[in-house]
1. I'd like to know how segment 71-117 sits against the 2.2 N^0.38 Å rule of thumb: what's its Cα Rg over that expected value?
2. Determine how many Å³ per residue the convex hull of the Cα atoms of segment 4-85 encloses.
3. Counting alpha carbon pairs within less than 8 Å and at least 6 residues apart, what relative contact order, in whole percent, applies to the chain?
4. Convert each backbone phi in segment 158-169 into a coupling constant with the Karplus relation 6.51 cos²θ - 1.76 cosθ + 1.60 (shift: θ = phi - 60°), then list the ³J(HN,Hα) values in order as whole Hz, x for Gly and Pro.
5. Calculate the length of the line joining the C-alpha centroid of segment 56-99 to that of segment 267-307, in whole Å.
6. Suppose we keep just the alpha-carbon trace of the chain; what are its Rg and Dmax in angstrom?
7. Just to be sure I follow: if Rg is taken over the C-alpha atoms of segment 222-307 and Rh is the Kirkwood radius over the same atoms, what is Rg/Rh?
8. If you stretched the chain out fully between Val227 and Ser142, how much longer would it get, using 0.36 nm times the residue separation minus the C-alpha to C-alpha distance?
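The values are calculated or read from the model by the stated rules, or taken from the named source; none is laboratory data. Nothing here was measured: the structure is a model prediction, and the numbers come from that model. Counting neighbours? That spans all protein chains shown, and the Cβs are built from the backbone with ideal geometry, glycine included. Calculation scope for accessible area: heavy atoms of the full protein, side chains included, ligands and nucleic acids excluded. Shrake-Rupley method; radii C 1.70, N 1.55, O 1.52, S 1.80 Å.
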Amino acid sequence: MTKHVVVLMGGLSAEREVSLRSGEACARALEGEGFRVTRLDVGLDAPQRLAELKPDAAFNALHGRFGEDGAMQGVLEFLRIPYTHSGVLASAAAMHKQIAKTILAAAGVPVPAGRVLTRLEAAREHALPRPYVLKPVAEGSSFGVFIIREDQEHPPQELSRADWSHGETMLAERFIPGRELTCAVMGDRATDVIEIVAAGGGWYDYEAKYAAGGSKHILPADLKPNVYQNVQELALEAHRALGCRGVSRADFRYDDRPNGSGELVVLEVNTQPGMTETSLVPEMAAYLGLSFGELVKWMVEDASCDR
């Protein structure tokens, strides 16, 4: 059994606070399962600290850039420390939304139509016919995301601010009306499907994701059996197409309005889903009969290097 686990948390991205919460929850659960745990708030000295600690495995609870995009995975590969979640290539591909969409589309996974442009271009004129969505091409937790409504005359001017911190490249996508669904993959098995309903009928933004009461999770989602199975199959196909391992989570939009298109698309694949008290993957695992401690124990036992 792996004895000493370093939990990587915090980090340098905009998702630092979420990562600290995920990391602390995972660290406590691993201690409850009998592991010796070191909490590492990741900074520029992380490679040196990891080399000194020589853990048996690393639980990667980082979110966003430098932790979820292949950078930390590369450090762990170099140090030959087994780690949770996906490897370098899958992490980098999934984090870059346009690259991920290209891979998924080539594998036959439906994705929304869109285009890539700079943030200043997106601020000058509408990128697509309204309504549409604007999002940073490599960011998470809904940071920097805008829903452009049909009656919104001008693009979001926040994009032209000097203190904009979410990257220079944006992805514009056609807005898909309907329901927000999500499904995880654990190893080679798709979990059950959750429908997410944001409080007040809004969209699933940062507050809806992480604030207590910010959203309601319907598990299992009330879907026709063939649609439910299709969501699970697509989550598994997306996981495999990107080369993910361990746990991933695919997010969907499903247009089942009375006069809707019936369209079901994958919005993105999260290679390191949140592990906070309001997060989705622990809820899915609990529905399968796995406690939070059992989930994180399985993830550590599944840890490996790409090499």
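1. Details: Rg = 13.6 Å, N = 47, 2.2 N^0.38 = 9.5 Å.
Relative to the 2.2 N^0.38 Å estimate, segment 71-117 comes out at 1.43.
2. In segment 4-85, the Cα convex hull volume per residue is 72 Å³.
3. Answer for the chain is 22 percent.
4. Going residue by residue, I get 4, 5, 9, 5, 5, 9, 4, 10, 10, x, 8, 10 Hz, with x marking Gly and Pro.
5. Here the answer is 15 Å between Cα centres.
6. 19.0, 61
7. That ratio is 1.02, to two decimals.
8. Numbers: separation 85, 0.36 × 85 = 30.60 nm, distance 2.59 nm.
Going from the current span to full extension adds 28.0 nm.
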